[in-house]
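Asks: Quick one: structure below, then a few questions.
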Amino acid sequence: MLQYVSKRALSMVLVLYIVITATFLLMHSIPGGPFTTEKQLTPEVLRNINARYHLDDPLWKQYIDYMGNILKFDLGPSFKYQDRTVNNIIADGFPVSIQLGTFAVLLAVPFGISAGILASLRHNRPLDYIVMSSSTLGISIPSFILASFLIYFFAFKIKLFPAAMWNGFSYMILPGISLAALPMAVVARLTRSGMLEVLSQDFIRTAKAKGVGKGLIIYRHALKNSLIPVVTYVGPMTAGILTGSFVVESIFNIPGLGRYFVTSIYNRDYTVILGITIFYSALIVIFNFLVDIAYVFLDPRISLDKKGDS
Amino acid sequence: MQPILSVENLKVIFNTYAGTVQAVNDVSFTLHEGETIGIVGESGCGKSVTSSAIMGLIPSPPGRIASGRILFEGRDLVTMDEKSLQKIRGNQISMIFQDPMTSLNPVLTVGLQLAESFMLHQKLPKKKAMEKAVEMLKLVGIPAPETRIRQYPHQMSGGMRQRVMIAMALACNPQILIADEPTTALDVTVQAQIMELIKKLNTELSTAVILITHDLGVVAGMCSRVLVMYAGRVVESAPVNEFYANPQHPYSWGLLKSLPRPDMKSGTLESIAGQPPDLLAPPSGCAFMPRCRFAMEVCKQPPAPIKVTEDHMCRCWLLDKASPHTPVTLFKECETA
Amino acid sequence: MNTELFKRVDFQLDASYDIGRPSTTYWQDVWRRLNKNKLSILGLIIISFVAIAAIAGPFFTAYSYSDQNLQIANQSPSAVHWFGTDNLGRDLLTRVLYGARISLSIGIVASMSTMIIGVLYGGIAGLSGGRVDTIMMRIIDIVWSIPFLLYVILLMVVLQPGLMNIFIALTLVYWMPMARLVRGQILSLRELEYVLAAKLVGASSWRIIIKHLIPNSFGPILITATLTIPEAIFSEAFLSYIGLGVSAPMASWGVLASEGATSLRSYPFQLFFPAAAICITMLSFNFIGDGLRDALDPRMRK
């Protein structure tokens, strides 16, 4: 166990190092540097700015400085907003995003799993078709379109929920649904197919032959097995909610990290793009690591040390 | 003596996209307390479907019991509701399956899977049930049962898992144990041990056993009666000695001829040419006719069951009064030729 | 009873009993099951319709996608402008039809190019095995740990918006699932007994690749390629939405939806039509993908 954890931790660091390096080089390969789009900068002003942000240093020196700062958890200043650092922006935006994201997960996972179980129990019957077609709809409607329609109907037409901003729970509902729709659909489909597969296994027949009732068969004998594919989806789901939050937060004008990220893309605020990307990457890599460990508790056939080798 | 189980004219069909399969057709037999009967036949002849029907485990859809009765202690299992069936399954009638590798739940401990029967049928609390599970593992000859109950199935060998399956099946001391090819998936050395175990428990606990197998050798050693199934029908049923000494159906004869015997000095084992018929479109007459070397014109009509002796039944036109040959003379003729 | 009936018939093993039922080939079987899946057939019909509309449609509309006429700006759908007009007075139907060309071609080109790269990369990794395989797969593992869309966004920031750059960015990222799939297929197929059997009878590596590996991994590859199309269309729409899509006056569905969303309160139809086009197309591709998956999955074969 310890061996596996240290091995995984090491590979996590390696992945992050490569991601940081690649993103850094990518951002610095943009022709002309970050201030070329600004109009009417005299060469002198430009030189001052470059000196202030050490952009006149050779690339390798900038890289070493940046890496050094990251070790101190300092992601540098924003080019656009002179008085703010990337750390400020993350500190502002992330708490909001994590609330919204958690809310979306709390919507997606329980509802998705329940819908999937119900569908599998009514295989090839109307309820199954309803769940399957709505989940196909769920994976076919991009979150920004769903968000726009939710705003149009629930905020403009029947004025049930606010259309934008971030002032309490009711502000969370429409963006939460927009973010949760896709993962909910995927979780429902995974649970359903997992259940269908497990329910056709020999050991379910054994349980039936023992006289186990339907409820216990599902709860004790089938659910744990069929949730294994759902757990593998937790990683991609986090990633999806994260990228989904870019547009959803922008549409609902929520001051979360996703909106700041999109704003920094509009502004070509390279240090912020770089910093937020690194922050997101670290987040996801750590999260995936936790999911892998959770996996072991769900499936006794997997032993961590073996898995680390494959 | 009253039989504890009697199957009467059982008919099971499966609806597939290609048509209706008559997997089991007009099967009848009885089972007495402590008795062991063997059901033999090739793959797909309806042996396993018959046992699933007794357990009420025909997957539906596509399968269903079209007609017939299965009387257990005077109650018909076919019409019984699911709740009452659950009380019988694993408690009074239980079953061992073919493949112990896939028949145990991989994510639950062996102990819990065993204890579950006690919790369900004897309403024991979990702790008590686990103690009983240890006892059961001891009974089926698993060493160090206290540690074994905390293990998962993948940590055990195939023979060990089949012992666990047997322990599970016998947990509530059932009146009937159905063993569906319990040794097919196991090593030959382990096979004998498992059969010994079933035999021992059969005598000690006086459990009636329905042994489903395609191994006539095992049947000779364990069973008191034999049922030979072919294409969903019982073609011959007889006490075991009578069957080996005096087989009547050409199919039974063929099966016996394909079995190696110690008294066989030389020669080659025979096999039955051809394959079982397609149950989607079974032949209108005797299903074995296309493969039968003694076939007659009349075999294109379905044969009726004929009593050879009081408890020896056979479905074959050769036994008809009008037939010029009897099976015995034909078999003799063949053997000398 | 008639003694004639009891005459022995000549014992002759009827050959027809050896074959249980008429054998169907794998692909006949797949087609039968796909045909039974009404939703995938519906999906196929809709996609064909959208494709024909995208190719031929623009020739039949009286307007150009770029001509602005502020006097007829923001008109609601009417007999003249079926889908209405946008804030610059451009005919929305024409723009949606042109958008179909762009969005569909992004989907198809991305699917094709990722398939080629993915099959080559995964095939080389799977067939060479050993250290080459390890290194090639480690590269994917590292890239895999971050959301694909984040890479595409970063690439687009560097490459600058534009149709060609979208192709490049999508291709550079979305080949990886295909590569993983192909490599996994090859590794598992190589272990199968019939491949071992083929090896035992002396089949050459090329024969095994052509006769066993390609036909058997074709199904999963086809499913993945089909499902890459809606994924790419979605990604492009997403990029357009955050200002990294194709450049004006060209407009993909994503751009149109993003423009429509800005005037959602006053002119909801400007969002409705492009959004409907995106959703219906994605839905159809997903139906086809699901149908293919069900039809090709040999474990479901009954």
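The values are calculated or read from the model by the stated rules, or taken from the named source; none is laboratory data. Quantities reported herein were computed from a predicted structural model and do not represent experimental measurements. Virtual Cβ from ideal backbone geometry, glycine too; neighbours counted across all protein chains shown. These area figures cover heavy atoms from the full protein model, side chains too; ligands, DNA and RNA do not enter into them. Shrake-Rupley method; radii C 1.70, N 1.55, O 1.52, S 1.80 Å.
Asks: Taking the residues in region C:147-161 that are part of a loop (DSSP other than H, G, I, E, B) and more than 15 Å from A:S245 (Cβ to Cβ) as candidates, determine which candidate is nearest to the other protein chains (Cβ to nearest Cβ).
Replies: Only one residue tops the list, namely C:Q160.
Asks: What single numbered condition from (1) closer than 24 Å to B:D26 by Cα; (2) open to solvent by 70 Å² or more (accessible area, probe 1.4 Å) fails to hold for B:E333?
Replies: For B:E333, the failing item is (1).
Asks: Could you check, for region C:225-232, whether at least one of its residues is out of contact with any Phe, Trp or Tyr (no Cβ under 9 Å at 6 or more places or on another chain), touching a residue at least 60 places away in the same chain (Cβ under 8 Å) and either crowded, with 19+ Cβ neighbours inside 10 Å or not β-branched (V, I, T) (or both)?
Replies: First, pick out the residues of region C:225-232 that are out of contact with any Phe, Trp or Tyr (no Cβ under 9 Å at 6 or more places or on another chain): C:225.
Retained after the next criterion (residues that are touching a residue at least 60 places away in the same chain (Cβ under 8 Å)): C:225.
Subsequent filtering for residues that are either crowded, with 19+ Cβ neighbours inside 10 Å or not β-branched (V, I, T) (or both) retains C:225.
Scanning region C:225-232 turns up at least one residue that is out of contact with any Phe, Trp or Tyr (no Cβ under 9 Å at 6 or more places or on another chain), touching a residue at least 60 places away in the same chain (Cβ under 8 Å) and either crowded, with 19+ Cβ neighbours inside 10 Å or not β-branched (V, I, T) (or both).
Asks: Can you tell me which of (1) within 14 Å of the chain's Cα centre (by Cα); (2) within 8 Å of chain A (Cβ to nearest Cβ); (3) open to solvent by less than 10 Å² (accessible area, probe 1.4 Å) is the one C:L244 doesn't meet?
Replies: Condition not satisfied by C:L244: (1).
Asks: Same structure again: For region A:99-108, state whether one or more residues are away from chain C (no Cβ under 14 Å), among the aliphatic types (A, V, I, L, M) and under 30 Å from A:I49 (Cα atoms).
Replies: Keep residues of region A:99-108 that are away from chain C (no Cβ under 14 Å), which gives A:99-100, A:102-108.
Retained after the next criterion (residues that are among the aliphatic types (A, V, I, L, M)): A:100, A:104-108.
With under 30 Å from A:I49 (Cα atoms) added as a condition, the list becomes none.
The answer is no; no qualifying residue exists.
Residue-by-condition table, conditions (1) of a type outside the set (F, W, Y); (2) touching a residue at least 40 places away in the same chain (Cβ under 8 Å); (3) within 11 Å of another protein chain (Cβ to nearest Cβ); (4) open to solvent by 30 Å² or more (accessible area, probe 1.4 Å):
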residue: C:I108; (1), (2), (3), (4): yes, yes, no, yes
residue: C:G122; (1), (2), (3), (4): yes, yes, no, no
residue: C:G130; (1), (2), (3), (4): yes, no, no, yes
residue: C:V173; (1), (2), (3), (4): yes, no, no, no
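Asks: If I filter region C:250-265 for residues that are open to solvent by 30 Å² or more (accessible area, probe 1.4 Å), among the acidic types (D, E), part of a helix (DSSP H, G or I) and touching a residue at least 40 places away in the same chain (Cβ under 8 Å), do I get at least one hit?
Replies: Yes, some residue in region C:250-265 is open to solvent by 30 Å² or more (accessible area, probe 1.4 Å), among the acidic types (D, E), part of a helix (DSSP H, G or I) and touching a residue at least 40 places away in the same chain (Cβ under 8 Å).
Asks: Another question about this same structure. Of everything in region B:260-304, what is in contact with a Ser or Thr (Cβ under 9 Å, 6 or more places away or on another chain) and either surrounded by fewer than 18 Cβ atoms within 10 Å (Cβ to Cβ) or at pLDDT 80 or above (or both)? Give them in sequence order.
Replies: If the condition is that a residue be in contact with a Ser or Thr (Cβ under 9 Å, 6 or more places away or on another chain) and either surrounded by fewer than 18 Cβ atoms within 10 Å (Cβ to Cβ) or at pLDDT 80 or above (or both), then B:L269, B:E270, B:S271, B:L280, B:P290, B:M296, B:V298, B:K300, B:Q301, B:P302 are the ones that fit.
Asks: Looking at region B:89-113, which of its residues are β-branched (V, I, T) and facing another protein chain (nearest Cβ under 7 Å)?
Replies: Within region B:89-113, the subset β-branched (V, I, T) is B:93, B:96, B:102, B:107, B:109-110.
Selection gives B:T102, B:V107.
Asks: Let me ask something else about it. I need a count of the residues in region A:218-232 that are free of Cβ contacts under 8 Å to residues at least 24 places away in the same chain and either touching a Gly at 6+ places or on another chain (Cβ under 6 Å) or open to solvent by 40 Å² or more (accessible area, probe 1.4 Å) (or both). Explain how you work it out, then say what you get.
Replies: Just the residues of region A:218-232 that are free of Cβ contacts under 8 Å to residues at least 24 places away in the same chain, to begin with: A:219-221.
With the extra rule that they be either touching a Gly at 6+ places or on another chain (Cβ under 6 Å) or open to solvent by 40 Å² or more (accessible area, probe 1.4 Å) (or both), the set shrinks to A:219-220.
The total comes to 2.
Asks: Name every residue in region A:117-139 that is at the interface with another protein chain (Cβ under 10 Å from one of its Cβ atoms), in contact (Cβ under 8 Å) with a residue 60 or more places away in the chain and open to solvent by less than 50 Å² (accessible area, probe 1.4 Å), in order of residue number.
Replies: A:M132 - this is the single residue of region A:117-139 that is at the interface with another protein chain (Cβ under 10 Å from one of its Cβ atoms), in contact (Cβ under 8 Å) with a residue 60 or more places away in the chain and open to solvent by less than 50 Å² (accessible area, probe 1.4 Å).
Asks: Something else now. Of (1) over 24 Å from the mean Cα position of the chain (by Cα); (2) assigned to a strand (DSSP E or B); (3) not β-branched (V, I, T), B:S94 satisfies all except one. Which?
Replies: So B:S94 meets the others, but not (1).
Asks: Does C:F285 count as open to solvent by 10 Å² or more (accessible area, probe 1.4 Å) and over 21 Å from the mean Cα position of the chain (by Cα)?
Replies: Criteria not met by C:F285.
Asks: If you scan region A:246-255, which residues turn out to be more than 9 Å from chain C (Cβ to nearest Cβ) and open to solvent by 10 Å² or more (accessible area, probe 1.4 Å)?
Replies: If the condition is that a residue be more than 9 Å from chain C (Cβ to nearest Cβ) and open to solvent by 10 Å² or more (accessible area, probe 1.4 Å), then A:N253, A:P255 are the ones that fit.
Asks: Right, here's the next one. Could you check how many residues of region B:201-217 are within 29 Å of B:C286 (Cα to Cα), assigned to a helix (DSSP H, G or I) and open to solvent by less than 30 Å² (accessible area, probe 1.4 Å)?
Replies: 1
Asks: For region A:160-192, name all the residues that are free of Cβ contacts under 8 Å to residues at least 60 places away in the same chain, over 18 Å from A:L146 (Cα atoms) and of a type in the set (S, T, N, Q).
Replies: Of everything in region A:160-192, just one residue is free of Cβ contacts under 8 Å to residues at least 60 places away in the same chain, over 18 Å from A:L146 (Cα atoms) and of a type in the set (S, T, N, Q), namely A:N167.
Asks: So, one more: Take the residues in region A:140-172 that are open to solvent by less than 30 Å² (accessible area, probe 1.4 Å) and more than 10 Å from chain C (Cβ to nearest Cβ), then tell me which one is farthest from A:P110 (Cα to Cα).
Replies: Step by step, filter region A:140-172, then rank; the result is A:L150.
Asks: Also: Could you count how many residues in region A:261-273 are open to solvent by less than 10 Å² (accessible area, probe 1.4 Å) and at the interface with chain C (Cβ under 9 Å from one of its Cβ atoms)?
Replies: Residues that pass the stated criteria total 4.
Asks: Given the options B:G74, B:G63, B:G41, name the one that is among the small types (G, A, S), more than 14 Å from chain A (Cβ to nearest Cβ) and open to solvent by less than 40 Å² (accessible area, probe 1.4 Å).
Replies: B:G41
Asks: Of the residues A:G235, A:G258, A:G215, A:G240, only one is within 14 Å of chain B (Cβ to nearest Cβ) and either of a type outside the set (S, T, Y) or open to solvent by less than 40 Å² (accessible area, probe 1.4 Å) (or both); which?
Replies: Just one listed residue meets the conditions, A:G215.
Asks: Next up: Name every residue in region C:38-47 that is open to solvent by 40 Å² or more (accessible area, probe 1.4 Å) and either under 18 Å from the mean Cα position of the chain (by Cα) or touching a residue at least 24 places away in the same chain (Cβ under 8 Å) (or both), in order of residue number.
Replies: Those that are open to solvent by 40 Å² or more (accessible area, probe 1.4 Å) and either under 18 Å from the mean Cα position of the chain (by Cα) or touching a residue at least 24 places away in the same chain (Cβ under 8 Å) (or both): C:L39, C:I41, C:L42, C:L44, C:I45, C:I46.
Asks: Those residues that are open to solvent by 40 Å² or more (accessible area, probe 1.4 Å), within 12 Å of chain A (Cβ to nearest Cβ) and outside any loop (DSSP other than H, G, I, E, B), I need them from region B:147-181; list them, please.
Replies: B:H154, B:Q155
Asks: Separate question: Would it be correct to say that C:A198 is part of a helix (DSSP H, G or I), crowded, with 19+ Cβ neighbours inside 10 Å and in contact (Cβ under 8 Å) with a residue 12 or more places away in the chain?
Replies: Answer is no for this residue.
Asks: So which residues in region C:75-102 are open to solvent by less than 40 Å² (accessible area, probe 1.4 Å), in contact with a strand residue (DSSP E or B) (Cβ under 7 Å, 6 or more places away or on another chain) and either outside any helix (DSSP H, G or I) or polar (S, T, N, Q) (or both)?
Replies: C:H81, C:T85, C:D91
Asks: Among the residues of region C:214-223, is any touching a helix residue (DSSP H, G or I) at 6+ places or on another chain (Cβ under 9 Å) and within 11 Å of chain A (Cβ to nearest Cβ)?
Replies: The answer is no; no qualifying residue exists.
Asks: Out of the residues in region B:182-200 meeting the condition of being more than 17 Å from the chain's Cα centre (by Cα), farther than 17 Å from B:S103 by Cβ and among the hydrophobic types (A, V, I, L, M, F, W, C), tell me which one is surrounded by the fewest Cβ atoms within 10 Å (Cβ to Cβ).
Replies: B:V188
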